[in-house]
Amino acid sequence: METLQTVVIGAGQAGLSAAYWLGRRGLEPWEDFVVLDGNDGPGGAWRHRWDSLTFDAAHNLHPLPALPLEVPDPREPASAVVRRYYGEYERDFALPVIRPVRVAAVEPADDGDRLLVRAADGRSWLAQKVISATGTWDSPYWPHYPGRETFRGRQLHTHDFVAAEEFRRQRVLVVGGGTSALQFLLQLDAAGAQTFWSTRRPPQWTDAAFDADWGVDVERRVNERTRAGLPPLSVSAATGLPLTEQYHAGIRSGVLLSRGPLARITPTGAVLADGTELELDAILWATGFRASLGHLAPLHVREAGGGVLMGTDGVSVVREPRLFLVGYGASASTVGATRAGRAAAIAATRLLRRTVEREEAGAVVR
């Protein structure tokens, strides 16, 4: 079993940022810290995105510290761009990434001072501090509706989407009020599918400028919830839907017009809240993701409301001071994840130094 100062879980935007700053703060790769990643290669969650999500259509692609993000062909899949960029980043800064490692649990070690990180394959690491940067991709949210299990057509989640062409000449219901739903609707329509859109509430369109003030306001609202121990808001609830020209055109054409909430699912389709019955071939659940925190269950960090009570720095976990969460709450966006990685590295190394100082002081007294 390896014993380290810090273990980072996840090599996406937040995890790579944290690893970079741990090195800048004086920790030695491999000797003092490692990064455990569940994927077969670089790219984090982006490596799993569908090929039709091109670089120019992807939202919130931001650079990592000290390495500018290239400006590729805008028609190149975003997944390919990010895989290449993250791979270059890991190599350029010699980051100690171990993969594939699926972390099964993080729990208190027997000595009472450290945390034990256990992988599903039996490997384990002891760490004084853990930075969990597992994001949301592994936790797709499937809402429950009466009759969902009876539907005889195809059901899939954003997590499983590959290509709109699979649905040519099919009747497809897209459920969800975020930007992924908008992109799916436009792609499916262009591919020859007949689309229907269902949202729980009217689409939250906004023509607000997506500038620095807007970003600060979004982070403030999300942080208010996480500092109260409440689950984070969904992305669309926090940001609204930007009224781009592409979306304006979709509204004018009727593709981006919500039919309202769902009431129930039937074996052959769905019934909307207004009583409209839809005959369907497929239902695409663009209903978002939840934070991937299952591996932290042994630490009992969730509050009664289901969220994690976060400190004022946005990355410290109040119930477990040896644990830091990045890519959670306001840092779930890529720009927020980069900043959170730095904040977690600073907080973790500061606590490590205090621990060393206390141990040295104790040795002098003895």
Could you tell me whether any residue of segment 9-30 is hydroxyl-bearing (Ser, Thr, Tyr), in contact with a helix residue (DSSP H, G or I) (Cβ under 9 Å, 6 or more places away or on another chain) and more than 25 Å from residue 132 (Cβ to Cβ)?
no
Any residue in segment 147-171 that is at positive phi sitting within a Cβ distance under 7 Å of a residue that is among the polar types (S, T, N, Q)? List the pairs, counting only those 6 or more apart or interchain.
147/266
(1) modelled with pLDDT of 85 or more; (2) out of contact with any strand residue (DSSP E or B) (no Cβ under 6 Å at 6 or more places or on another chain) all hold for residue 210 apart from (1)
Any residue at all in segment 267-280 that is surrounded by 16 or more Cβ atoms within 10 Å (Cβ to Cβ) and closer than 26 Å to residue 206 by Cα?
yes
Residue in segment 41-76 that is surrounded by the fewest Cβ atoms within 10 Å (Cβ to Cβ), counting only those that are part of a loop (DSSP other than H, G, I, E, B) and among the aromatic types (Phe, Trp, Tyr)
50
Which condition number in (1) buried (at least 18 other Cβ atoms within 10 Å of the Cβ); (2) in contact with a strand residue (DSSP E or B) (Cβ under 8 Å, 6 or more places away or on another chain) is the one that residue 108 fails?
(1)
Check 338, 334, 349 and return the single one that is modelled with pLDDT of 85 or more, closer than 30 Å to residue 58 by Cβ, of a type in the set (Val, Ile, Thr) and surrounded by 20 or more Cβ atoms within 10 Å (Cβ to Cβ).
338
Which one is nearest to the chain's Cα centre (by Cα) among residues in segment 118-158 that are closer than 14 Å to residue 295 by Cβ and among the β-branched types (Val, Ile, Thr)?
136
Wholly enclosed strands (runs of 3 or more DSSP E) of segment 226-326 bearing at least 2 residues over 29 Å from residue 12 (Cα atoms) and of a type outside the set (D, E, K, R)
262-266, 269-272, 282-285
Take the residues of segment 254-304 that are more than 19 Å from residue 144 (Cα to Cα) and among the small types (Gly, Ala, Ser): which is modelled with the lowest pLDDT?
304
Some residue of segment 352-363 being modelled with pLDDT of 95 or more, part of a helix (DSSP H, G or I) and over 24 Å from residue 62 (Cα atoms):
no
Need the failing condition index for residue 74 against (1) more than 30 Å from residue 124 (Cβ to Cβ); (2) modelled with pLDDT under 95; (3) out of contact with any Asp or Glu (no Cβ under 7 Å at 6 or more places or on another chain), just the number.
(3)
Residues that are assigned to a strand (DSSP E or B), surrounded by fewer than 18 Cβ atoms within 10 Å (Cβ to Cβ) and in contact with a strand residue (DSSP E or B) (Cβ under 9 Å, 6 or more places away or on another chain): does segment 2-25 have at least one?
yes
Filter segment 158-187 for residues that are surrounded by fewer than 19 Cβ atoms within 10 Å (Cβ to Cβ) and either of a type in the set (A, V, I, L, M) or under 19 Å from residue 262 (Cβ atoms) (or both) and give the result.
162, 163, 170, 171
Among the strands (runs of 3 or more DSSP E) confined wholly to segment 77-168, which include 3 or more residues that are over 24 Å from residue 320 (Cα atoms) and of a type outside the set (A, V, I, L, M)?
154-157
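The values are calculated or read from the model by the stated rules, or taken from the named source; none is laboratory data. What you are looking at is a predicted structure, and each value in this text was computed from that prediction instead of being measured. Cβ: placed from backbone, ideal geometry, glycine included. Neighbour counts: every protein chain shown.
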